[in-house]
1. Restricting to the range B:209-237, what's the tally of residues that are under 20 Å from A:I368 (Cα atoms) and among the hydroxyl-bearing types (S, T, Y)?
2. For the range A:1-53, which positions are more than 16 Å from B:K9 (Cα to Cα), in a helix (DSSP H, G or I), β-branched (V, I, T) and more than 9 Å from chain B (Cβ to nearest Cβ)?
3. Take the residues in the range A:235-250 that are in contact (Cβ under 8 Å) with a residue 40 or more places away in the chain and under 21 Å from B:N276 (Cβ atoms), then tell me which one is surrounded by the fewest Cβ atoms within 10 Å (Cβ to Cβ).
4. Between residues in the range A:112-133 that are part of a helix (DSSP H, G or I) and residues that are of a type in the set (K, R), which pairs lie under 9 Å by C-beta distance while being six or more apart or on different chains?
5. Being farther than 14 Å from B:I241 by Cβ, away from chain A (no Cβ under 14 Å) and assigned to a strand (DSSP E or B): is that true of B:L174 here?
6. If only one of B:A263, B:A290, B:A312 is facing chain A (nearest Cβ under 7 Å) and either more than 21 Å from A:F311 (Cα to Cα) or more than 30 Å from the chain's Cα centre (by Cα) (or both), which one is it?
7. Can you tell which of A:D227, A:D222, A:D249, A:D206 is on the phi > 0 side of the Ramachandran plot and more than 7 Å from chain B (Cβ to nearest Cβ)?
8. If you go through the range B:330-348, how many residues are in contact with a helix residue (DSSP H, G or I) (Cβ under 9 Å, 6 or more places away or on another chain) and more than 8 Å from chain A (Cβ to nearest Cβ)?
There are 2 protein chains.
Amino acid sequence: MSEKDQLKKQRTQIDDIDEQILDLLKTRKDVVQDVIKRKVENQLPVFVAGREEEKTESFRRKAADRGIDPDWAEDFLRMVMAASRAAQSAEKFPSATEEPKHILYVGGEGGMGSLYRRFTESSGHISYSLDKGNWYQLEEMAPKLDMVIITVPINVSIDVIRRIAPKLKPDTILADFTSNKSEPLKAMLDAHDGPVVGLHPMHGPDVPNLSKQLMVICSGRDSEKADWFREQCILWGMRIIEANPSKHDHVMHLVQGLRHFVALLHGSFMKEYDLNPNEMLDYSSPIYRAELMMTGRIFAQDAELYADIVFANKERRDLLLTFFRHHQTLMEMVENDDKRGFIREFEAVTDFFGKFASQALTESGYLINRLADRFS
Amino acid sequence: MSEKDQLKKQRTQIDDIDEQILDLLKTRKDVVQDVIKRKVENQLPVFVAGREEEKTESFRRKAADRGIDPDWAEDFLRMVMAASRAAQSAEKFPSATEEPKHILYVGGEGGMGSLYRRFTESSGHISYSLDKGNWYQLEEMAPKLDMVIITVPINVSIDVIRRIAPKLKPDTILADFTSNKSEPLKAMLDAHDGPVVGLHPMHGPDVPNLSKQLMVICSGRDSEKADWFREQCILWGMRIIEANPSKHDHVMHLVQGLRHFVALLHGSFMKEYDLNPNEMLDYSSPIYRAELMMTGRIFAQDAELYADIVFANKERRDLLLTFFRHHQTLMEMVENDDKRGFIREFEAVTDFFGKFASQALTESGYLINRLADRFS
């Protein structure tokens, strides 16, 4: 056989193998769908964390037996398992309660409101939506409600809390999804005599499902009355973290306010410096490409939304001023060409970060390789 | 059959499918290895870009036929293809020339020097290394050299160029790997009368192989004499971009200087604000986790190296001062609680970014999902 024919034959062989793999993935998907259906029918939790780890370990071993890199195999398995979870988004979920609960989402037509209404209904509960157009229906809804969740833009949430609380039964649970917690929690406690709980779902409205997403819970008053909601979040596959509201807000100022401000600073500086992002891509390593994309994506979204996040309150603005003063300090090193000073500060951060820095080096190595596969 | 037995049976079925997939992946790997071996023996390029795209398209179609999300399938295929490339790192590469070339790497014991020496040897050329300990060997090497590549820390590269150039034959190609290009290129042209070319391999020393990595080439003098090296990079699987040195440096000030300075600013601010990265992780969405990891990884590395990058030259320091003044301007909005000003600036960036912003939103969506699979 000529060299050319031999290569052609092998190419066909690879195509055949790929078709067989796709067939197996299809069968696997069907079996998983059936398992999920059975589990939901029998009120069993769909995803069991321990089982997933066990499965991963055994898959790694089997891969290694075949001379396949176990880290690669784990990535592959996680992709397959994530696809199973995504497929579940249209499915039913078990309910955390025997009797269905009645939950009102205020701002129910927004992204987060629509998402949680869908999950609420998929678990057999009854969801209500209050938005700009139907506020007049509140009186009719109020007597039925077990729980009210405020999920409106951050700059109006306090007003909405004050407006809605007086209309509720004393035993209705009042909760909110605002991304800061101290102020809304205080407003809810002031305005409502019944159970109060502050929630912060740490994800955007465009996730394919809630599996593995994080729900922050801050106790307000009698928050054990909302244990069934917590349980429901777990049945949706969420991770729960109980947090102190001021600690939560302290972190969020940095995570939300500072990050989005720095994104504007970056984009706006590129504009001033006339660095066209498309030209930058020509010179980009995969990781810088990813950073550019993370900055770029913000400017495809609503300016008002980001302004609300950055200008949420005085504390957040104060943090940005502190950050600016910090920048000023470091800038002196640059002005004085003080390379030693830079190295001293760098090493102090290394000490502060401790083991985290080397963990980050390993973990980001994975990320950089995945990005190189995809984006170069 | 009881519900429990049925679930157990299905679990076994999934495990069986996974073993079959692993078997197929193993066979696929063996076939690919054999293809690569044959291609190298026959001096054929190992990876053909068009072929990869064609393969991807047909794989997407076949996945869709089976009800599998084609985007997911493409990610899967890219993972498989990347693993094939990685497996090649220990293999031989075709040579771009009939006669082997003699290449000296100055700084040959460093990360980049070692990496390129290995690839040089794997393609049948002869590599030499000059480093702190064996400078005395230069005289003996010089008459044999077709090409010299300076790959030393940025702050000493000009000195090394001036020191080495007078020892070279006039027809030896002088090149460098420095991450800025204008100054080293000028120094090489001044110090050497023969062919000169500026190179910037846009990747770190820890990549598994050179496939899909970017090599920036800046013409100096008679740079067509280095066409065989360019050809060799393509045979290693690299992408080539020809660049104007000052345009390249303009972009690099931002990509290298500013990014690493901002990383220090971020880390150092976390230290001041006493925000422990491990605690932050509790509150992190996958994408913020990735950002933290990208900042954290820097502090597991050498402070001196980053100081060299940030303080490379006056232009780069000037850029950082411009950046600081820009920060000052935006800060006034925060001081004055000028949300409208923020929105105006945001919208100006949206206009400047144009279509890039929506492209970024789509592309980063992929990234965020992959991160959620892995890190949550």
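The values are calculated or read from the model by the stated rules, or taken from the named source; none is laboratory data. The structure presented is a predicted model; accordingly, all values stated were derived computationally and were not measured. Positions of Cβ are generated from backbone atoms using ideal geometry, with glycine treated the same way; all protein chains shown enter the neighbour counts.
1. 1
2. Selection gives A:T12, A:V40.
3. Restricting to residues being in contact (Cβ under 8 Å) with a residue 40 or more places away in the chain and under 21 Å from B:N276 (Cβ atoms), the top hit is A:S246.
4. Note: pairs meeting the criteria are A:T120/A:K101; A:S122/A:K92.
5. So B:L174 passes the test.
6. Of B:A263, B:A290, B:A312, the one residue that is facing chain A (nearest Cβ under 7 Å) and either more than 21 Å from A:F311 (Cα to Cα) or more than 30 Å from the chain's Cα centre (by Cα) (or both) is B:A290.
7. A:D222
8. 6
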